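**Q** Here it is, the structure in full.
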Amino acid sequence: MSSLMQDIYLNVCSLNAPEPMVRILDALAELDPPTRLQVVIESEPQRLYRILERHAFCHSIARRADQLYDLLIWHMPQVR
């Protein structure tokens, strides 16, 4: 088994609502640790943050020079 992490890349720019949210949620349903979801999105997805927390995902977001956002989502580490 490989220990290399393979991220999934998703660009939801220029999609009309609610398609960006639908595509992100569909991708998260298929996301297995330690794989992360990298999303390029046009605006900060405020409504998504509660969903991520409720389903034990972490995230980070950064605004790019081109005014888009890089959103990174991963599974919350399990406490043992």
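**Q** Tally the DSSP beta bridges in the chain and give the antiparallel ones as a percent, rounded to 5.
**A** 75
**Q** Could you work out the relative contact order of the chain, using alpha carbon pairs under 8 angstrom and six or more residues apart, expressed as a whole percent?
**A** 30
**Q** Give, in nm to one decimal, the length gained when the segment between residue 64 and residue 23 is fully stretched (0.36 nm per residue of separation minus the Cα-Cα distance).
**A** Result for the pair: 12.6 nm of gain on full extension.
**Q** Just flag the GluC sites (Glu not before Pro) in the chain sitting in loop per DSSP whose Cβ has no more than 16 other Cβ atoms within 10 Å.
**A** Passing both the DSSP loop test and the Cβ count: 30, 42.
Bear in mind that the values in this text are calculations on the coordinates, not laboratory data. Not measured: the values here are computed from a predicted model. Note: ideal-geometry Cβ built from the backbone for every residue, glycine included; neighbour counts use all protein chains shown.
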